[in-house]
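Here is the structure we will look at.
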Amino acid sequence: MVNIANADLRLLRVFTTVVKCNGFSAAQAELNISQSTISNHMIALEERLRLKLCQRGRSGFALTDHGRTVFEASIRLFEALEEFSNETESLHSVLTGSLRVGIVDNTVTDPHSAISSAFLHFSARPNNVNVNLVVDSPPGLQKLLVERQIDLAIFGFVPRLTNLHYQDLYPETSTLFCGRGHPLFDIDDDDLSLDAVRDYAFASRSYWCNQDLERIGTKKNTATVEQVEAQLLLVLSGAYLAFLPNHYAQSWVDKGELRPLLPDETSYSVWFQLATRKGIRTTPTMKAFIQDVHRAVGEKMREKAMSSDLPAVASWQSRRPAKEDRVALN
């Protein structure tokens, strides 16, 4: 394929979609065409390139070595075409193209999070941008970044990859919690200790690589999850302890369903970062949105400095008559 025509681009888009969906069947809904039409397009592309791109049949879908090379080259080609479109449109002071943003799950309750404000600022710019917002776990977001399926992501908690660039944004504080019905829920504060906490089952997020267990000096992990919501469900059962973000746990604390344990000893903060791939040219659209994210984060920080009500903090009111002091997490 020396000269690339519009028909060739259509075939390559079908091919890249099939690869991302890992097969013809899953690609049907994404492309909104029949499986037989997809098959015909794939045959046409292989004839055009004179290469076998994939194996397909009862054993499943798999790329050949040539297919993997063509897929990676196709991704670079489409990124270059989009960058050309963005650059030329930006000459008219109008942002165009797509903006694919990833955000970690269950952060909507975080008063530090500035993602909504960032989108508000971005929408006020002259633009014809198609926004795609993806919610996933931190490992999932890093995988999407590396595979060029999103442009940037905001998350924390995971080991950094050498092929990604990170910018610190804001901290998130977490604390060890138990749920109503757990043996520790009604224990007097003075009777709690890390030694006592270590005796109970713990629900950990897999991508923490046991760092949460090490914080309380235990190896007793009896449940593993990928999402914060799954972790919360286990804690609410009354059978497990887990570290939860304070902002996320707040409403259940207020309802008397959760209790923070030894907040002065177990609370810790991690930084959320904005991550992008290294070695790529930042498009005007990406550059504008990143500016809006930093602007929104700065506004949130100023709001916090001016108001004693921000951020919302998880707290627990002891239910024993003899104890009236309120435990607050900062």
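The values are calculated or read from the model by the stated rules, or taken from the named source; none is laboratory data. Predicted model, so just to flag it, every value in this text is computed and none were measured. Note that each Cβ is placed from the backbone with ideal geometry, even for glycine, and that neighbours are counted across all protein chains shown. For accessibility, only protein heavy atoms count, side chains too; no ligands or nucleic acids. Shrake-Rupley method; radii C 1.70, N 1.55, O 1.52, S 1.80 Å.
Before I look further, what does segment 171-269 give for accessible area per residue, probe 1.4 Å, in whole square angstrom?
42
Nearest 10 degrees, 0 to 90: what angle lies between the long axis of helix 284-306 and the longest principal axis of the chain (Cα atoms)?
The helix 284-306 is inclined about 10 degrees to the chain.
What distance in nm lies between label points placed 7 Å from Cα along the C-beta direction at ARG125 and MET301?
2.1
Give, rounded to the nearest 20 debye, the magnitude of the charge dipole that the chain has about its Cα centre when Lys and Arg contribute +1 at Cβ and Asp and Glu contribute -1 at Cβ.
1220
Taking only Cα atoms and a 10 Å spring cutoff, compute GNM fluctuations for the chain and point out the largest among GLN291, GLN167, GLN55.
GLN55
Based on the Cβ-Cβ distance from ASP264 to ARG160, what FRET efficiency comes out when R0 is 35 Å, to the nearest 0.05?
0.75
Roughly how many nanometres apart are two label points built 7 Å out from the Cα toward the Cβ at ASP168 and ILE33?
The answer from the label model is 4.9 nm.
Out of segment 39-131, which trypsin sites (Lys or Arg not before Pro) are coil in DSSP terms and have no more than 16 other C-beta atoms within 10 Å?
ARG50, LYS52, ARG56, ARG58
If you take the square roots of the eigenvalues of the alpha-carbon gyration tensor of segment 126-189 and sort them as a ≥ b ≥ c, do you get rounded (a/c under 1.5), prolate (a/b over b/c) or oblate?
Prolate, because a/c is 1.5 or more and a/b exceeds b/c.
Percent antiparallel among DSSP beta bridges with both residues in the chain, to the nearest 5?
Antiparallel bridges: around 60 percent, rounded to the nearest 5.
I want the antiparallel fraction of DSSP beta bridges within segment 21-166, as a percent rounded to 5.
If I count the DSSP bridges inside segment 21-166, around 15 percent turn out antiparallel.
Choose one answer from LEU51, LEU144, LEU184: the residue with the largest mean-square fluctuation in a GNM of the chain with alpha-carbon springs under 10 Å.
Checking each option, the largest mean-square fluctuation is seen for LEU51.
When Lys and Arg each count +1 and Asp and Glu each count -1, what net charge do the other residues less than 12 Å away from ARG295, Cβ to Cβ, add up to?
Result for the neighbourhood of ARG295: +1.
Return the percentage of antiparallel bridges among DSSP beta bridges fully within segment 171-269, rounded to the nearest 5 %.
Counting only bridges with both partners in segment 171-269, antiparallel ones make up about 65 percent.
Tally up the carbon and sulfur contribution to the accessible surface of segment 6-91 as a whole percent, 1.4 Å probe, everything protein left in place.
49
Got a number for carbon plus sulfur as a percent of segment 169-278's accessible area, 1.4 Å probe?
C and S atoms contribute 46 percent here.
How much length would be gained if the chain were fully extended between SER25 and SER59, taking 0.36 nm per residue of separation minus their Cα-Cα distance, in nm to one decimal?
That works out to 10.9 nm of additional length.
On the first, second and third principal axes, largest extent first, how far apart are the outermost C-alpha atoms of segment 237-300 in Å?
Answer, in whole Å and largest first: 49, 25, 24 Å.
On average, how much accessible surface per residue is there in segment 6-91, in Å², for a 1.4 Å probe, leaving out ligands, DNA and RNA?
Each residue of segment 6-91 exposes 60 Å² on average to a 1.4 Å probe.
How big is the chain along each principal axis, measuring the range of its Cα positions in Å and listing the largest first?
82, 51, 33
Taking the chain as a Gaussian network, Cα atoms linked when under 10 Å apart, which of ASN127, ASN163, ASN40 shows the biggest mean-square fluctuation?
For the chain, modelled as a Gaussian network with Cα springs under 10 Å, the answer is ASN40.
Can you tell me the alpha carbon radius of gyration of segment 10-129 divided by the globular rule-of-thumb value 2.2 N^0.38 Å?
1.39
Any chance you could list P(r) for segment 217-265, counting all Cα-Cα pairs in 10 angstrom bins from zero, rounded to whole %?
23, 58, 19, 0
From the square roots a ≥ b ≥ c of the eigenvalues of the alpha-carbon gyration tensor of segment 171-269, which class results: rounded (a/c under 1.5), prolate (a/b over b/c), or oblate?
It comes out rounded by the Cα gyration axes.
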